[in-house]
Amino acid sequence: MLERLKTLYELQSIDDQLDELEELRGDLPNAVEALEEKISSIKNDITKKEEERKDSLKRRKENEDEIEKLKENQKKFKAQLYQVRNNKEYDALTKEIDHTEELISKLEVENDAFADLSKKLADEIESVKPQLEELNEELKVKHADLKVIIKANEKEEAKLREKRKEIESQTKKADHSVYMRIRKAKKGMAVATIKRSACSGCHNIVPPQRQLEIRRNNKLFFCEYCGRILVSTEISESVTAD
């Protein structure tokens, strides 16, 4: 049991050092992630508007081609008016001419709407490009800053992560599961020591009898206030000495 307790304290010690290195990065990782998400959102919006604009231009061209065909038909119908032999034929042709004129008018109105939409989308795309350039520049700067910080500590971090991997492999699965659950709940500190008769995590007093039991180092004890694993001073001192 002594070794299990030492292993858990060692794991906490390594994680404390890794957390300190993470804190050196400050809010940069979150800032970088937020910028990347914002840039991605703007790019997706631009892509959608470009596709919509492309579709409107395509449909406008299709309408223009249809208008040309209708105008050609209209010319034929008008020419045939001079060749009619009775009122019935005349009425049929005039109906075709009127119907063709209605279709042409409808398509022209539709094309005006497509032209307005195309211009509106083009303007919206152009309006966000300066913002996108600014965000890309800001991201570039923050990426560089983050890279400098990571570079300055990468050897130490790699060494700590390797050490953590080694210690983790020595930790019992059940102990590791409990440790990680508490660490997540308590934002980092899962293992606490007793300092001045109090839990170093929540600073609540540990009863004398419980302190004596913890010093025996023969089982896992948890702080009755914060739920952290409590280890004796002997454990922490022996790990520090190693």
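The values are calculated or read from the model by the stated rules, or taken from the named source; none is laboratory data. All figures in this text were calculated on a predicted structure; none of them were measured in a lab. Virtual Cβ from ideal backbone geometry, glycine too; neighbours counted across all protein chains shown.
Looking only at the range 221-232, decide whether some residue is in contact (Cβ under 8 Å) with a residue 60 or more places away in the chain and of a type in the set (Phe, Trp, Tyr). Checked against the condition, which is being in contact (Cβ under 8 Å) with a residue 60 or more places away in the chain and of a type in the set (Phe, Trp, Tyr), the range 221-232 yields no hits at all.
Any chance the range 107-114 includes a residue that's of a type in the set (A, V, I, L, M, F, W, C), surrounded by fewer than 14 Cβ atoms within 10 Å (Cβ to Cβ) and more than 31 Å from the chain's Cα centre (by Cα)? Among the residues of the range 107-114, at least one is of a type in the set (A, V, I, L, M, F, W, C), surrounded by fewer than 14 Cβ atoms within 10 Å (Cβ to Cβ) and more than 31 Å from the chain's Cα centre (by Cα), which makes the answer yes. Please state which one of Asp19, Asp91 is in a helix (DSSP H, G or I), acidic (Asp, Glu), modelled with pLDDT under 95 and under 45 Å from the mean Cα position of the chain (by Cα). Unique residue meeting the criteria: Asp19. Of all the listed residues (Ser200, Ser169), the sole one being touching a strand residue (DSSP E or B) at 6+ places or on another chain (Cβ under 7 Å) and not β-branched (Val, Ile, Thr) is Ser200. One residue stands out among those in the range 184-214 that are surrounded by fewer than 16 Cβ atoms within 10 Å (Cβ to Cβ) and part of a strand (DSSP E or B): the one that is modelled with the highest pLDDT, which is Ile205. Restricting Lys43, Lys61, Lys69, Lys48 to those that are in a helix (DSSP H, G or I), modelled with pLDDT of 95 or more, under 15 Å from Phe114 (Cα atoms) and not aliphatic (A, V, I, L, M) reduces the list to Lys61. The residue pairs whose first member lies in the range 38-65 and is in the same structural domain as Ala113 (by TED's automatic domain parsing), whose second member is part of a helix (DSSP H, G or I) and charged (D, E, K, R), and whose beta carbons are closer than 7 Å, counting only pairs six or more residues apart or on different chains, are Lys49/Glu124; Asn63/Glu110.
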